[in-house]
1. Taking the Kirkwood radius as the inverse of the mean 1/r across Cα pairs, report the Rg/Rh of segment 89-215.
2. Of the listed peptides 227-238, 127-138, 200-211, what is their order by residue-averaged count of other C-beta atoms within 10 Å, with the highest listed first?
3. How much FRET efficiency would the formula 1/(1 + (r/R0)^6) give for D280 and Q336, where r is the Cβ-Cβ distance and R0 is 22 Å, rounded to 0.05?
4. Could you list, bin by bin from short to long, the percent of Cα-Cα pairs of segment 1-135 in 10 Å steps?
5. Beta carbons within 10 angstrom, averaged per residue: use that to sort the peptides 143-150, 117-124, highest first.
6. For segment 93-167, what is the charge dipole size about the Cα centre, in debye to the nearest 20, if Lys and Arg each add +1 at the Cβ and Asp and Glu each add -1 at the Cβ?
7. Using label points projected 7 Å from each Cα along Cα→Cβ, tell me how many nm separate Q72 and R398, to one decimal.
8. Using a 1.4 angstrom probe on heavy atoms only, work out the carbon and sulfur share of the accessible area of segment 84-174 in %.
Amino acid sequence: MFEGLTGRLGDIFDRLTRRGALSEEDVGIALREVRVALLEADVALPVVKQFIAGVKEKAVGQEVLRSVTPGQMVVKIVYDHLVEMLGSSSEGINLEAAAPVPILMVGLQGSGKTTSTAKIALRLKTRERKKVLMASLDTRRPAAQEQLKILGEQVQVATLPIVPGQQPVEIARRAMQTGRVEGYDVVMLDTAGRLAIDDELMAEVAAVRDATKPVETLLVVDAMTGQDAVTVATNFQDRVGISGIVLTRIDGDARGGAALSMRQITGKPIKLLGVGEKVDALEAFHPDRIAGRILGMGDVVSLVEKAAENIDKAEAEKLAKKMEKGTFDLDDMANQLKQIRKMGGMGGMLGMLPGIGKIKNQLKDANIDEGILKKQEAIISSMTKAERRNPDLIKASRKRRIALGSGVQVQDVNRLLKQFQDMQTMMKKVKKMGQKGMMRQGLAGLLPRGKGFP
């Protein structure tokens with residue numbers, strides 16, 4: 001989402017940090033460029049003005065301009081103000097109340113509200129070990145209640161049985177009563193949306209709010225709508241009252257202005273980010289990490305957390321032993337491909353590494369195809385157990401059979417086998433070099449060659 005802004009800011013700060021000494025005029029020119037970059041990213045004008053004024057006040061001080069690395073000091077000041085703009089600290093969902101805790105989900109139609117309800121329910125169930133009940137209050141949109149029921153079955157979270165003809169406030173009261181009687185920790189209330197803000201929508205949401213007294217009222221907004229998302233948030237805050245924001249579709253090509261403006265305009269924190277269509281594609285919002293991504297510093301902490309969530313420790317230890325002994329086979333390679341896909345693919349992982357923004361053109365030239373991971377898994381799945389354990393068995397006729405079974409060309413099978421042989425060769429070298437050699441070798445054998453790579 002922040003790719004365009006990251007590129008612009010990266011170019012500005014590269015020019016700034018290359019200069020040994022800075023004058024007040026140098027800083028002024030850089031900040032004017034930053035201002036344009038933020039406006040082009042669809043950040044609200046009042047937020048941009050406040051941001052630039054705050055940065056300039058600190059950046060033109062004598063302690064900055066006369067410091068050993070003034071350019072780096074200016075970048076640090078911009079980073080600190082970005083974090084402040086985004087909310088300073090991460091805020092999770094508030095569950096500090098007597099059970100069942102009511103959580104009200106509000107927003108416009110098409111923002112991803114129902115899907116976000118299921119995602120949050122799954123998150124509370126798996127991470128917080130909470131017993132969650134979901135209830136759809138959307139009696140206007142065809143099949144809306146059925147949609148939540150299907151999502152509930154998918155994430156294995158209970159949904160309130162549908163009673164035809166009941167109105168939203170009645171459904172909400174029944175959901176809370178069911179939550180109390182059946183011992184639920186959290187009741188999630190998915191309200192109806194509209195295509196635009198109207199009095200009827202606000203009156204309905206306010207009536208449900210008054211009937212259930214929610215601990216959290218989470219506004220779901222689509223990052224793709226840009227400044228309209230900020231307007232929607234302001235309206236809901238003024239007329240209903242919200243406690244936090246869930247920003248969806250941040251994996252799209254939105255310019256990022258909504259995220260940067262939201263906290264400053266509404267005074268309410270962004271709590272969660274929808275990062276994909278899958279039911280587990282939900283992340284906590286960390287202002288410091290997002291600021292780091294925007295300035296091209298990466299987000300290694302989130303990458304490590306993703307690895308911890310998706311990589312089975314026992315499997316990893318087993319694989320390490322096999323690699324050490326040189327018995328790594330195609331089944332192990334398939335497991336590695338699955339884990340990479342679970343972590344967001346190569347693109348998602350690379351996007352969290354520091355400095356990647358500076359080589360984005362080389363990455364584009366390298367033609368990283370995310371679909372190739374699925375294709376390679378399909379090729380391995382089309383092999384017999386014996387072939388996966390001993391790839392030397394795979395000759396011409398077997399290659400044709402594997403290619404036919406996985407819907408690829410024989411060249412694709414050859415490419416996979418060559419990649420596997422290269423990995424085995426590298427592991428043998430690492431084994432000979434020992435632990436110190438392994439540290440020196442690093443990831444050299446896994447990085448693409450040519451086209452801008454050393």
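1. Working: Rg = 13.6 Å, Rh = 14.5 Å.
Over the Cα atoms of segment 89-215, Rg/Rh equals 0.94.
2. Numbers: 227-238: 18.9, 127-138: 20.5, 200-211: 17.2.
Taking the mean over residues of other Cβ atoms within 10 Å, the ranking is 127-138, 227-238, 200-211.
3. Values: r = 20 Å, r/R0 = 0.89.
Step by step, r from the Cβ atoms, then E = 0.65.
4. 10, 31, 21, 17, 16, 6, 0
5. Values: 143-150: 17.2, 117-124: 24.1.
Descending mean neighbour count gives 117-124, 143-150.
6. Details: 11 positive and 5 negative charges, 39 e Å.
That gives a dipole near 180 debye.
7. Taking the simple label geometry, Q72 and R398 are separated by 5.5 nm.
8. Working: 2020 of 4290 Å².
Using a 1.4 Å probe with all protein chains present, segment 84-174 comes out at 47 percent carbon and sulfur.
The values are calculated or read from the model by the stated rules, or taken from the named source; none is laboratory data. These numbers were taken from a predicted model, which means no experiment stands behind them. When we count neighbours, we look across all protein chains shown, and the Cβ atoms used for this are built from the backbone with ideal geometry, even at glycine. All accessible areas refer to the heavy atoms of the entire protein, side chains included, with ligands and DNA or RNA removed. Shrake-Rupley method; radii C 1.70, N 1.55, O 1.52, S 1.80 Å.
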